């Protein structure tokens, strides 16, 4: 009897449900025309954010609705000494039994590194332990996330809170997003929160199929014009994606040293403008233990996943081919955070993407632009469908939502970063993983 | 049939070994008089660290020994562009099949945040994905860890590399330690690497039993004088610990507002000096889902685990009761990093300890002092022995070393931080977890 067959049999057996194999509650995902949240928001806390948020959200959300809550939103910026962490208990404890399915919990605190007062900094950092634990206690598709806001970025927090209060963040759970202070004339609030990318020109690499194609679709849904890029061999699927999203197809190998120039020229010739958004989605795997890995398996993965995004991003910046207010978006991976057996090559590149975000955050801020990355967990794709049963069934379920995510979940987070309303969100690598237990 | 009984039966069944329940390779742990490493070190890379390390280690280690390797040490500080990451493959790939049991892999790179060059910073950050993946591929008790060194801290890296090259780091795997530049007159190298805490006066809270008692023992073994602290109710065990380590016992509740004053007075009266080391090991759990948690369960955990260490540390600093060159050491937890179901209170405090490290790193550096924390994973204690079978057996094995750690593993890491030779190691929270898969 093979190693896996015993466990496979258990997972697939009729007693699996009884034996505790979790099935996952159906997640509510965003649909145009439906409310972002299915019910009222209870707003708590007495910091510098609560008033602003109450006013900003009042048009679209039912704040302080009686009865069951679809969301609990807590302004923790007033908690400046560790003993005041007690206010978390006081606010959340009484409501933990009366949350609706797919509820949202959002805690907003001050970015610890921005605080010079020792007690305040410790307290802000402690919020992370609370939120990540609470996320693990929630059931029925509910999520909990933490937003850290720089002291002078009160007005910039709205887009991030709206993302977490909506069905767009269905598979983002137990995560932290940092919102930085940005000079703004207030022009970053979209006229229509349902089309936050209206007027933006976006590039998506690896757009022929899978997650890349879905990213193109969601950006188009949000109002962007989309240049769909993939290797020449994928031209047929690429054209299909481009047609579906009303964009253009550009067959291009991202490892081509002239890739950035080709992109910039395409944007100029077909759209007469610079790029607002670039999503470095193209990526490959060549999994082997390092002991068995061939040179070319190392080289290929490095070339596509890391050298190409680095070269393209730097070349676009140097050539002035990014518009003011641009958003650069990388695709990292949980493997880039925690490492993965058989993926020394892949994890090196995906940790490198986090490095790209860190390294270009400041120079891009000087251009009023942002850079962020998504780190997908287990996402249901053709690739995961082809996995052996045991790792697939386990991989799917070892997260707080007890199910795999969908490509649209990655795409929604990318679209959040891509929107001009997220102009104060930069330097983040956000996991789209349902709070997968794997980490570092 | 209950939820757990099926899985329990499998784990405990005779077929468990065949069914892939990992048993873990016996770890070699440090013993006075035995060599730090059981075999030769192969040193690679051409950066600014290799020459220094070759000379510094030559007296105690067999560098460039032929045959099977007990350690591979790679200086990656020369990798300043992502394409040069290929040199990792070139160095490690040929040797992956000829590592001895309990081998050590150590990669030394430059701290990414210290690098202004984009390419160099990306490359340095990418090392983390490589090392964390490689650690997951090693077998038979071998570990891989990463050291990030500030550009002008070459001479300060020795203590950290020695720690990772020794059996003292048996349960530290897949981790990152940062070494900062420090003004030094070279006085931080101990005259005897086997007694690196000689002449230091240390306080250990929660020292009556368990991990705290072991920390006291290891610090004493390393040459420190130890003040053992615990609550009055534990006085009998506390005296036993103090006698065993040749130290003094101080019955004291850490939540007492005057705790710091009492500690400082004890040090003055009994040792006529200030404190060199304080280890905030005392901690409690009161696990409950937040929905079921009583006020006092929140309050007690916050008071002992977070408010007390914060108050004591700040009071000792304010009172000038820490010696120059002091080391403050917190005990965080994996729950403080990843959150844990049923531990909103505990995880809040353990994330707060990470905040304490972050917040006091700079002010303590001004006093030529350091602050770091350990974050234990699954450590075999009376508490884990009392766990139900299933979580215990799973918790023990879900790490790269496929076994629980021992209290001495936590204590060795604490002792590393406590030594004056680690004067350039500050601001770290290091997991002692065998590269547990749980994370964030």
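Summary table below
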| quantity | calculated |
| --- | --- |
| Neighbouring partner chain Cβ atoms per residue of A:115-123, average, 10 Å criterion | 6 |
| Once the Cα gyration tensor of the range A:334-440 is diagonalised, semi-axes √(5λ) in Å | 28, 16, 10 |
| Between the range B:114-157 and the range A:278-322, the Cα center-to-center distance that results, in Å | 19 Å |
| The range A:189-309: C-alpha gyration tensor shape, a/c 1.5 cut-off, then a/b vs b/c | prolate |
| Label 7 Å beyond Cα on the Cβ vector: residue A:152 copy-to-copy distances, nm | 3.0 |
| Average Cα contact separation per residue, chain A, under 8 Å, 6 or more apart, as relative contact order % | 16 percent |
| Overall form of chain A per C-alpha gyration tensor (a/c, 1.5; a/b vs b/c) | oblate |
| P(r) tail fraction, the range A:24-73 - alpha-carbon pairs more than 16 Å apart, % | 47 percent |
| Candidates A:384, A:348, A:191, ranked by Gaussian network fluctuation over chain A, Cα under 10 Å, top entry | A:191 |
| Selected from A:32, A:50, A:220 as most flexible by GNM, with chain A as the system and alpha-carbon contacts under 10 Å | A:32 |
| At 7 Å out from Cα toward Cβ: residue B:320 inter-copy label distances (nm, ascending) | 6.0 |
| Computed helical MRE - 222 nm, the protein assembly as shown, DSSP H runs ≥ 4 contributing -39500 (n - 2.57), nearest 500 | -11000 deg cm²/dmol |
| Computed Kirkwood radius, in angstrom, where 1/r is averaged over Cα pairs of the protein assembly as shown | 28.0 Å |
| Computed label-point distance, nm, for sites residue A:244 and residue A:86 using a 7 Å Cα→Cβ extension | 5.5 nm |
| Approximate spin-label separation residue A:140-residue A:291, in nm, with each point projected 7 Å along Cα-to-Cβ | 5.0 nm |
| Cβ nearest the rotation axis (A onto B), residue from chain A and distance to the nearest whole Å | A:439, 1 |
| Ordering of A:349-358, B:303-312 by packing [mean C-beta count within 10 Å, highest first] | A:349-358, B:303-312 |
| Per-peptide average of other Cβ atoms within 10 Å, ordering B:157-168, B:278-289 highest first | B:157-168, B:278-289 |
| Inter-copy spacing of residue B:363 label points, which lie 7 Å from Cα along Cα→Cβ, given in nm from shortest upward | 3.7 |
| For the range B:48-204, diffusion coefficient by Stokes-Einstein and Kirkwood Rh (Cα), 10 °C, 1.306 mPa s, µm²/s | 97 µm²/s |
| Anisotropy class of the range B:201-432 from Cα gyration tensor, a/c 1.5 cut | rounded |
| Alpha-carbon Debye profile of the range A:270-368, log10 I(q)/I(0) at 0.10, 0.21 Å⁻¹ | -0.31, -1.00 |
| Separation of the residue A:23 and residue A:318 label points, Cα + 7 Å toward Cβ, nm | 5.7 nm |
| Candidates B:205, B:429, B:381: whichever shows maximal mean-square fluctuation once chain B is modelled as a Gaussian network with Cα springs under 10 Å | B:381 |
| The range A:334-393 versus the range B:23-79: alpha-carbon centroid distance in Å | 31 Å |
| Inter-chain Cβ neighbour average for residues A:78-85, partner chain, 10 Å | 4 |
| Per-residue average of Cβ from other chains inside 10 Å of B:358-366 | 3 |
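Every read-out reported here was derived from the displayed coordinates using simple, explicitly stated rules and does not represent laboratory data. Note that the structure is a prediction, hence the values are computed from the model and not measured. When we count neighbours, we look across all protein chains shown, and the Cβ atoms used for this are built from the backbone with ideal geometry, even at glycine.
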